[in-house]
Amino acid sequence: MIDDTGTADEMAEEDIVESIFEAVVEQLLPPGTKLSESALCEAFGVGRMRIRRALLLLASREVVDLQANRGAFVASPTPQQAREVFEARLTLEPTIARLAVERATDADLDNLTAHLVKEHAAHHGHSRQEAIRLSGQFHLLLAQIAANSVMLRMMKELVTRTSLIIGIFGAPNVANCRDDDHEQILRAFKARDGQAAADLMAEHLRVIEGGLELGTRKGSAVDLVGLFARRGQA
């Protein structure tokens, strides 16, 4: 039996948070999924208090809803919240794209090019989960290149919430982004055209939002122990 104080060789809360965070972003944990404390204790081999602290951290990112007398659930954004997320992204990301073009090094451009090769392979290999992960990562890479820690922190939250939104309102074959949109943005980077990158980013986000069917909801049960065991072996 694992005690609630934990031991030195147990997984840290930050690692548990990151594992759950990534599973949400990759849409392996659908919106509304109940995050059973006992199942998570078994999945990660830690005590209940460590799981509770991890869930509190996830709740602070608005990835998890903590409901009195019911427990923790993966957040389920409403249609209005979905619109607000895209409104925020449309306000923020064109500026990120413009800054990133100004501050990108040749090494940054090489990294973006290599990333899009992986993204293209995932899309055309019909690896939806990998495509979702890489698509979101592209936007975070741009925020990293923009070298603004506040914007990067905001983007991490917005990318996660966008994946939740697509999990609820997107068609089953919809990933976060089309890789050819990202290729156009990268071409603007290579041309050092910050305004073109900003305009393309805004249009890209409008296309994603336009592909959602706001008003429908979906969700399913998940074997948490099996899910995180598989991810740990990957």
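The values are calculated or read from the model by the stated rules, or taken from the named source; none is laboratory data. Please read these numbers as outputs of a predicted model, since none were measured by experiment. Every residue, glycine among them, receives a Cβ derived from its backbone with ideal geometry; neighbour counts consider all protein chains shown. We work out accessible area using only protein heavy atoms, side chains counted, and drop any ligands, DNA or RNA first. Shrake-Rupley method; radii C 1.70, N 1.55, O 1.52, S 1.80 Å.
Whether a residue is hydrophobic (A, V, I, L, M, F, W, C), free of Cβ contacts under 8 Å to residues at least 60 places away in the same chain and open to solvent by 10 Å² or more (accessible area, probe 1.4 Å) was assessed, and LEU141 passes this test. For segment 34-53, the count of residues that are under 24 Å from PHE169 (Cα atoms) and either surrounded by 18 or more Cβ atoms within 10 Å (Cβ to Cβ) or more than 15 Å from the chain's Cα centre (by Cα) (or both) is nonzero. I need the full set of residues from segment 212-234 which are at pLDDT 85 or above and either more than 18 Å from GLU22 (Cα to Cα) or touching a Gly at 6+ places or on another chain (Cβ under 6 Å) (or both), in order please. Correct list: LEU212 only. Just one of the listed residues (LEU66, LEU90, LEU57) is closer than 25 Å to LEU205 by Cβ and open to solvent by 10 Å² or more (accessible area, probe 1.4 Å), and it is LEU90. Could you tell me which residue of segment 144-165 is modelled with the highest pLDDT, considering only residues that are open to solvent by 30 Å² or more (accessible area, probe 1.4 Å), in contact with a Leu (Cβ under 8 Å, 6 or more places away or on another chain) and farther than 20 Å from PHE189 by Cβ? The extreme case among them is MET154. Of note, ARG192 satisfies the criterion of being more than 27 Å from GLU18 (Cβ to Cβ), assigned to a loop (DSSP other than H, G, I, E, B) and at pLDDT 85 or above.
The single condition among (1) closer than 18 Å to ALA229 by Cα; (2) open to solvent by 20 Å² or more (accessible area, probe 1.4 Å); (3) not in a loop (DSSP other than H, G, I, E, B) that VAL17 does not meet is (2).
Residues that are in a loop (DSSP other than H, G, I, E, B), hydrophobic (A, V, I, L, M, F, W, C) and within 19 Å of ALA221 (Cβ to Cβ) within segment 20-68 comprise LEU28, LEU29, LEU35, VAL63, listed in sequence order.
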